[in-house]
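Quick notes on the structure that follows.
The values are calculated or read from the model by the stated rules, or taken from the named source; none is laboratory data. Being a predicted model, the structure only gives us computed values, none of them experimental. As a convention, Cβ positions derive from the backbone with ideal geometry for all residues, glycine included, and neighbour counts pool all protein chains shown.
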Amino acid sequence: MIPARRTTTAAASAVVLATAGGLLTAVAAPASAAVSCASPVYKRQFFANTTFSGTPKKTDCDSAIDQNWGTGAPASGLPSNNFGVRWSLTRDFGSGGPFTFTASAQDGIRVHLDGTRRIDLWKNVSSTTKKTVHLTIPAGKHTLRIDFVNWTGTANVKFTYTPRTTATTDKVKPLAPTNATATYDPTTGKTKVTWARNKEMDLAGYRVYRRPKGAAYGSTPLTATTATSATDATLPATGQAYYYEVRAHDKAGNESAGTADLLVTTADRTAPAAPTGLGTASEEGGLRIAWRAVPDAASYRVYRATSASGTYTRIGTATGRTSYLDASAAEGTAYHYRVTALDAAGNESARSAAAGGERRDLTPPSAVTGLAVTPTEYGFQLRWDANPTPDLARYVVRRGELLGDEGERMCSLYAGYHVPAGTTSYAYTTLPDGEEVCFVVDAVDDAGNSAFQWTGDALVVTATELDTTPGVATPEGSPLTLEATGAEGAEGNRLTWYGLGEDDPRAAGGYRVHRWNPATGAYERIAAPGSGTAEYVDTGARPGTTSYYWVTAVAADGTESPPAGDWAVTAPAG
């Protein structure tokens, strides 16, 4: 409250100023002079009547209506009875909401909101009367006017207006803050968000939210404050765009809508991750270095040294790809490489782990000559001329299938067998059943170069297998299945069979093992394993031939089951 000041009559009428030239008299400003009071301070007017007519005797500003003048005059020049005082203000109530108006006076008081009377205690009383009302004030600006009169006796007056802030009463959200801005400082990496203060009287504070571009705001604010600004020092310097919004919340827990999105884009000072998966491969044009792609990388720098722990010198840049061809690498020289990733802002990552490599010899050996293929009882015997290539590492023997018509046949090769460089022959084991096949022998050097693989040209030799197929066909209907495996060395061919259990009466008398004898043109029994046996090793099979077998089951009365058949190739000795 700004109390009314009492002044003497002389002081109210004139002020005497001393000057160098004499005395000047200035007439005081009339009581009705214009007074401006900043909201929410009241403009207060004193009248020497109870009808608020004529020019006010005094006008000033009052921060609160809470006066007790007793039986005296409220201001100089006013009577102690039959006077009136009027307070008025226009203020912005923000989103409005539920309010409580409380008035008390002796004698009369009237409270108006936008010209509508809300409280009326207009009566000459001998004691203070009081009244409280609840009402809802709409959003925006509204004008309060409080009129007080004292007819006789004691004079006191009090008026308050306060928001109702319980969650069950106040369901009105605050208005969204206005004039919100977000300013990013690339030097410090901080963002300052500012906004205008809300007009709500029940305002509890503000909440600032942040989200990356492309994401939604979370339910938890970045920060909460009662001020009208906040500084975010937690932004990562990655060049990413972020949005901010500010929401107001009141004492009842209501939260406003957010401000319009406030966009900032951070400075990018974060280097990408170091490349991984570095590897090298020798190519015709040089030594290629390759690595896995790094997120956010715009380019890569390649560094080279002659040892893993040596001094690395930058030799090139790869843009838009994850490999680099070092055409300056010399053949036969070992190099070590490290690679870094750069983002669009020029931030360079740490160097990758080192990867070594050597540009290998790319000259293939000469083609194999003198290849001769001889059909045998175990398949084929191959011989060829020794290859003169100094760095020869091995030969690769490959068999193929002849496709196409006579005169335009093609050799479709299978996977090959590796033979040491010092060898010029190979025993190729296969079932000799009379097919025509083709062979290629390729020479490979210690760098992996192959003339055949590079050019597709090689000496192709065709040959027809011997046909050692038994003259007696194996009957169908055997209860057994036979598997024969060729000997490796002197241990013999291994035969295993299955199909009958140990207690099966069809094998109560054991089994009979037969081997085909081309000289007699018959399968001859070579063994009689007992009941419960499921394996036999034929050490009598002649090396360098193909053996054909039957196995039968023998019942207790000597009846033999139909035979199960298979074959095995025994490689030549030595």
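Couple of notes before you dig in:
- As a summary of the residue check, Trp497 satisfies the conditions (1) buried (at least 16 other Cβ atoms within 10 Å of the Cβ); (2) aromatic (Phe, Trp, Tyr); (3) within 30 Å of Glu408 (Cβ to Cβ) except for the one numbered (3).
- Condition met for Ala215 (within 23 Å of Asp296 (Cβ to Cβ) and of a type in the set (A, V, I, L, M)): yes
- Test: residue in the stretch 12-22 that is in contact with a strand residue (DSSP E or B) (Cβ under 7 Å, 6 or more places away or on another chain), in a loop (DSSP other than H, G, I, E, B) and modelled with pLDDT under 95: no
- For the stretch 268-282, the set of residues classified as within 18 Å of Thr191 (Cα to Cα) and assigned to a loop (DSSP other than H, G, I, E, B) consists of Arg269, Thr270, listed by residue number.
- Listed by position, the strands (runs of 3 or more DSSP E) contained in the stretch 325-389 that have at least 2 residues being without any contact (Cβ under 8 Å) to a residue 40 or more places away in the chain are 334-342.
- Filter pass, Thr220 being without any contact (Cβ under 8 Å) to a residue 24 or more places away in the chain, over 30 Å from Gly346 (Cα atoms) and not small (Gly, Ala, Ser): yes
- Scope the stretch 508-534; condition free of Cβ contacts under 8 Å to residues at least 24 places away in the same chain and surrounded by 15 or more Cβ atoms within 10 Å (Cβ to Cβ); matching residues: Ile526, Ala527, Pro529, Thr533
- When the stretch 283-310 is filtered for residues that are acidic (Asp, Glu) and either closer than 19 Å to Thr333 by Cβ or in a strand (DSSP E or B) (or both), the ones remaining, listed by number, are Glu283, Glu284.
- Checking each residue of the stretch 182-201 against the condition of being surrounded by fewer than 16 Cβ atoms within 10 Å (Cβ to Cβ), within 30 Å of Ala355 (Cβ to Cβ), of a type outside the set (A, V, I, L, M) and modelled with pLDDT under 95 gives no match.
- Tallying residues that are farther than 18 Å from Thr50 by Cβ and of a type in the set (S, T, N, Q) within the stretch 129-170 yields 9.
- Filter result for Lys251 (surrounded by fewer than 20 Cβ atoms within 10 Å (Cβ to Cβ), modelled with pLDDT of 95 or more, closer than 30 Å to Ala298 by Cα and in contact with a Ser or Thr (Cβ under 7 Å, 6 or more places away or on another chain)): no
- In the stretch 235-248, the residue that is nearest to Pro186 (Cα to Cα) out of those that are among the aliphatic types (A, V, I, L, M) and surrounded by fewer than 16 Cβ atoms within 10 Å (Cβ to Cβ) is Ala237.
- One residue stands out in the stretch 492-538 among those that are charged (D, E, K, R) and touching a strand residue (DSSP E or B) at 6+ places or on another chain (Cβ under 7 Å): the one that is farthest from Leu466 (Cα to Cα), namely Arg506.
- Elements of type strands (runs of 3 or more DSSP E) in the stretch 414-477, at least 3 residues being more than 20 Å from Thr545 (Cα to Cα): 417-420, 436-445
- Residue ID - surrounded by the fewest Cβ atoms within 10 Å (Cβ to Cβ), chosen from residues in the stretch 363-407 that are touching a helix residue (DSSP H, G or I) at 6+ places or on another chain (Cβ under 9 Å) and under 30 Å from Gly286 (Cβ atoms): Ser366
- Yes/no for Ala204 being under 22 Å from Phe99 (Cα atoms) and outside any strand (DSSP E or B): no
- Screening the candidates Gly94, Gly153 for the property of being over 29 Å from Ser256 (Cβ atoms), in contact with an Asp or Glu (Cβ under 8 Å, 6 or more places away or on another chain) and not basic (Lys, Arg) yields one hit, Gly153.
- If the condition is being surrounded by 14 or more Cβ atoms within 10 Å (Cβ to Cβ) and closer than 26 Å to Ser127 by Cβ, then the stretch 53-73 contributes Asp62, Ala64, Ile65, Gln67, Trp69, Ala73.
One line per residue, one yes/no per condition, for (1) closer than 30 Å to Leu175 by Cα; (2) in contact (Cβ under 8 Å) with a residue 40 or more places away in the chain; (3) touching a His at 6+ places or on another chain (Cβ under 6 Å):
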residue	(1), (2), (3)
Phe47	no, no, no
Phe99	yes, yes, no
Arg110	no, no, no
Asp114	yes, no, yes
Ala139	yes, yes, no
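- Number of the condition not met by Thr481 [criteria: (1) modelled with pLDDT of 95 or more; (2) over 60 Å from the mean Cα position of the chain (by Cα)]: (2)
- Candidate set: the stretch 227-267, residues that are part of a strand (DSSP E or B) and charged (D, E, K, R); chosen: the one farthest from Val172 (Cα to Cα): Asp232
- Ala573 fulfils the conditions (1) crowded, with 16+ Cβ neighbours inside 10 Å; (2) closer than 16 Å to Thr429 by Cα except for a single criterion, (1).
- The sole residue among Ala297, Ala260 that is in contact with an Asp or Glu (Cβ under 8 Å, 6 or more places away or on another chain) and assigned by TED's automatic domain parsing to the domain that holds Glu348 is Ala297.
- Residue list for the stretch 535-567, filter: hydrophobic (A, V, I, L, M, F, W, C) and either at pLDDT 95 or above or surrounded by fewer than 15 Cβ atoms within 10 Å (Cβ to Cβ) (or both): Val537, Trp550, Val551, Ala553, Val554, Ala555, Ala556, Ala564, Trp567
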